[in-house]
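See below for the structure under consideration.
Values in this text are rule-based calculations from the coordinates and carry no lab data. All figures in this text were calculated on a predicted structure; none of them were measured in a lab. Reconstructed Cβ throughout: ideal geometry from the backbone, glycine too, with neighbour counts over all protein chains shown.
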Amino acid sequence: MPEYDKPLIHVLDGSNNKIAVTQSMLGGSSTQAGLAFLSVATITRAANQTPYTANDVYGGVFELQNIGASGSFVFISSIDIIFNITAVPSGMGGFALYLYSGAPPSAITDNLPFSLGSGDRASSLTPGGIILTASLARGGGSVVAEALNINRLIKLANGSTSLWGYLVTLGAFTPAANSETATITVEAFAP
């Protein structure tokens, strides 16, 4: 492959986790071929050991900042969650992740039933949820959940570079500790 045909990757702004992918053109100039985005949010659930039932919100609403350019379209490519626990509680098998273009007016808090109410419909981007299965990480040490190759096209709200969401239980389980955190990492790219 001639040198001028090789793609180049440049970090635009490390603090916002943006990466520009450029394609070299004849004559040595380059054009932007797309942007990749990485956003991380932490969920902290309430300091109790109250059992969750199926369809309960885990930790409340969260925000994924700088997931794309304001008002733009992005493809969600993958979602990874690391739970700060060392064993999968019985019944914790999976979760549904619901994303919104703005903070959902319902503001459902930890361990309350999830509902896509009339006030949330206008900003809902994934009304059926994105399903993730929880399991012990290979080698142990943490519980993880992931969804790969999602390729879901969504549009960010005008004036916003964020997405908001709920993590919702698919099964009933009793949490392992009085308070736990989960770190959600979402990768996206601009078309």
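Local charge sum around F95 (other residues, Cβ-Cβ under 15 Å, Lys/Arg +1, Asp/Glu -1)? Computed value for this residue: -4. I76 sits among other residues whose Cβ lies under 14 Å from its own Cβ, and their net charge, with Lys and Arg +1 and Asp and Glu -1, is -1.
Computed on the Cα trace of the stretch 30-133, the radius of gyration divided by the Kirkwood hydrodynamic radius gives Rg/Rh = 0.99. On the basis of the beta-carbon distance and an R0 of 35 Å, N149 and T53 show a calculated FRET efficiency of 0.70.
Compared with the direct C-alpha span, the chain from S123 to A46 gains 25.1 nm at full extension, assuming 0.36 nm per residue.
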